[in-house]
Amino acid sequence: MRVLIALTYYRPHTSGLTIYAERLARSLAARGHAVTVLTSRFDPALPLREERDGVTIVRVPVAFRVSKGVLMPTFGLVATRLALRHDVLSLHLPQLDASGLALRGRLFGRPVVVTYHCDLTLPDTPLNRLVNRVVVWSDRATGALADVVVAYTQDYATHSRFLSRLLPKVRVIPPPVEVASPGPGEVDAFRARWNPAGTAVVGMAARLATEKGVEVLLRALPAVRERVPGVRVLFAGQHEGVLGESAYRERLRPLLEREAGLWTFLGVLGAREMALFFSTIDALVVPSLNSTESFGLVQVEAMLRGTPSVASALPGVRQPVLMTGMGEVFPVGDAGALAEALVRVLANRPAYVRPAAEVEALFSSERTAERYEELFSELLARRRAGAAS
């Protein structure tokens, strides 16, 4: 089967969406399929074409940026050529260019599967309001043209302003999750480097972006330290130069300065370092604020390393905790409730830990790729049957 996966940003950009797409592409390729990723050349230093992990990556040059989006004048030409060469189109939203590719799928008789990762919610500026409207229109057109729309969870599908309009088309497929398995010596060395005092450690794994709710954790920490003295924070992920988030970083500056010596930015970590990070922290915090967040893959990665999560009660984001019992959820944006939940988890951590096998039974990249493979095969069979009748 020849599968074309399309999304705006792909590796080396880091986000939950890009990690999902990379794992899906790699897993489908490992199952014997010919997989091409169509994406933007968001960094001019990146090659236009690349082979990685059995996947062909085709990058379209970017003329200029609009907020967090990109404009690619030659995208239509490249998309037409690739759509004709593939059996099925896997489009990942939000993506401004997806509607044109979905239309090509309809015209060329290719099944179109849309995976909807999250609602788009940009910081409120006149430009971003315009961008929001354009992307929402494009996403709705894409959804109307799609054969099937994939959601991470029924919880998010029911509450999403986009997915709730398309529920008859929605198919729930759990997201791909994987985490490395470092040795005990590596974990001990990582812990000694980043927490030599041996105090309780709270982790966040995210970009320093508005929707992540970093300020909620910052405001909760004084109350946590009243009952768990010395708690420190390790933050894994991009924290400088995040697209469109410079003003947000400045707003956080006073709270971060208050945390001097107790808050450490680790930067972007590789897969093995992330496993060490999850093994080192006592609890992961996911204080997301809006439906730009739909799940939080990092929660399951942490759980696979034996670490519970404390997550906001957003639709979708709350599901890893509710499905596994590994953690607590708290009302969105409520720093006091986060502090209470975090104290409960830190004070009685063993009660929140489940065997990794139980988590793996629910989430894995292999399981996700198998479900997509079944879906693609079903749609191709349906097309063949329709053509023969």
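The values are calculated or read from the model by the stated rules, or taken from the named source; none is laboratory data. Source: prediction; values computed, not measured. With ideal geometry, Cβ positions are generated from the backbone for all residues, glycine too; neighbour counts draw on all protein chains shown.
Within region 326-345, the set of residues being outside any helix (DSSP H, G or I) and out of contact with any Phe, Trp or Tyr (no Cβ under 7 Å at 6 or more places or on another chain) comprises 328, 329, 330, 331, 332, 333, 334. Are there any pairs with C-beta distances below 6 angstrom linking a residue in region 195-216 that is farther than 14 Å from residue 237 by Cα and assigned by TED's automatic domain parsing to the domain that holds residue 336 to a residue that is crowded, with 24+ Cβ neighbours inside 10 Å and β-branched (Val, Ile, Thr), with the two at least 6 apart or on different chains, and if so which? From residues that are farther than 14 Å from residue 237 by Cα and assigned by TED's automatic domain parsing to the domain that holds residue 336, the pairs are 201/281; 202/285.
Count of region 330-350 residues, restricted to those that are in contact with a helix residue (DSSP H, G or I) (Cβ under 8 Å, 6 or more places away or on another chain), farther than 10 Å from residue 227 by Cβ and among the β-branched types (Val, Ile, Thr), is 1. For region 269-281, the condition holds for no residue, the condition being that it is surrounded by fewer than 16 Cβ atoms within 10 Å (Cβ to Cβ), more than 19 Å from the chain's Cα centre (by Cα) and in the same structural domain as residue 309 (by TED's automatic domain parsing). Note on region 246-264: among residues that are in contact (Cβ under 8 Å) with a residue 40 or more places away in the chain and either more than 29 Å from residue 196 (Cβ to Cβ) or not assigned by TED's automatic domain parsing to the domain that holds residue 203 (or both), the one that is surrounded by the fewest Cβ atoms within 10 Å (Cβ to Cβ) is 247.
Scan region 306-325 for residues that are in a loop (DSSP other than H, G, I, E, B) and either over 14 Å from residue 293 (Cβ atoms) or touching a residue at least 24 places away in the same chain (Cβ under 8 Å) (or both) and the total you get is 9.
Residues checked against (1) under 18 Å from the mean Cα position of the chain (by Cα); (2) surrounded by 18 or more Cβ atoms within 10 Å (Cβ to Cβ); (3) aromatic (Phe, Trp, Tyr):
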site: 327; (1), (2), (3): no, yes, no
site: 331; (1), (2), (3): no, no, no
site: 334; (1), (2), (3): no, no, no
site: 337; (1), (2), (3): no, yes, no
site: 347; (1), (2), (3): no, no, no
site: 351; (1), (2), (3): no, no, no
site: 362; (1), (2), (3): yes, no, no
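When residue 291 is tested against the conditions (1) out of contact with any His (no Cβ under 9 Å at 6 or more places or on another chain); (2) not in a helix (DSSP H, G or I), the lone failure is (1).
Hey, any hits in region 144-154 for a residue that's in a helix (DSSP H, G or I), touching a residue at least 40 places away in the same chain (Cβ under 8 Å) and buried (at least 17 other Cβ atoms within 10 Å of the Cβ)?
Looking only at region 144-154, we keep the residues that are in a helix (DSSP H, G or I), and these are 144-145, 154.
When the remaining residues are screened for being touching a residue at least 40 places away in the same chain (Cβ under 8 Å), the result is 145.
Next, only the ones that are buried (at least 17 other Cβ atoms within 10 Å of the Cβ) stay: 145.
Yes.
Beta carbons closer than 7 Å, at least 6 apart along the sequence or on distinct chains, pair a first residue in region 106-131 that is in a helix (DSSP H, G or I) with a second that is at pLDDT below 95 and surrounded by 15 or more Cβ atoms within 10 Å (Cβ to Cβ) for 127/67; 128/67; 128/122; 131/67; 131/69; 131/122.
Residue-wise test of (1) over 28 Å from residue 149 (Cβ atoms); (2) at pLDDT 95 or above; (3) surrounded by 22 or more Cβ atoms within 10 Å (Cβ to Cβ); (4) in the same structural domain as residue 113 (by TED's automatic domain parsing).
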residue: 313; (1), (2), (3), (4): no, yes, no, no
residue: 321; (1), (2), (3), (4): no, yes, yes, no
residue: 344; (1), (2), (3), (4): yes, yes, no, no
residue: 370; (1), (2), (3), (4): no, yes, no, yes
residue: 374; (1), (2), (3), (4): no, yes, no, yes
residue: 378; (1), (2), (3), (4): no, yes, no, yes
residue: 382; (1), (2), (3), (4): no, no, no, yes
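For residue 39, the requirement of being assigned by TED's automatic domain parsing to the domain that holds residue 151 and assigned to a strand (DSSP E or B) is met. Being in the same structural domain as residue 115 (by TED's automatic domain parsing), on the phi < 0 side of the Ramachandran plot, touching a residue at least 24 places away in the same chain (Cβ under 8 Å) and of a type outside the set (A, V, I, L, M, F, W, C) is a property that residue 85 has.
Filter region 62-87 down to the residues that are buried (at least 16 other Cβ atoms within 10 Å of the Cβ), touching a strand residue (DSSP E or B) at 6+ places or on another chain (Cβ under 7 Å) and part of a strand (DSSP E or B) and list them by number.
Correct list: 70 only.
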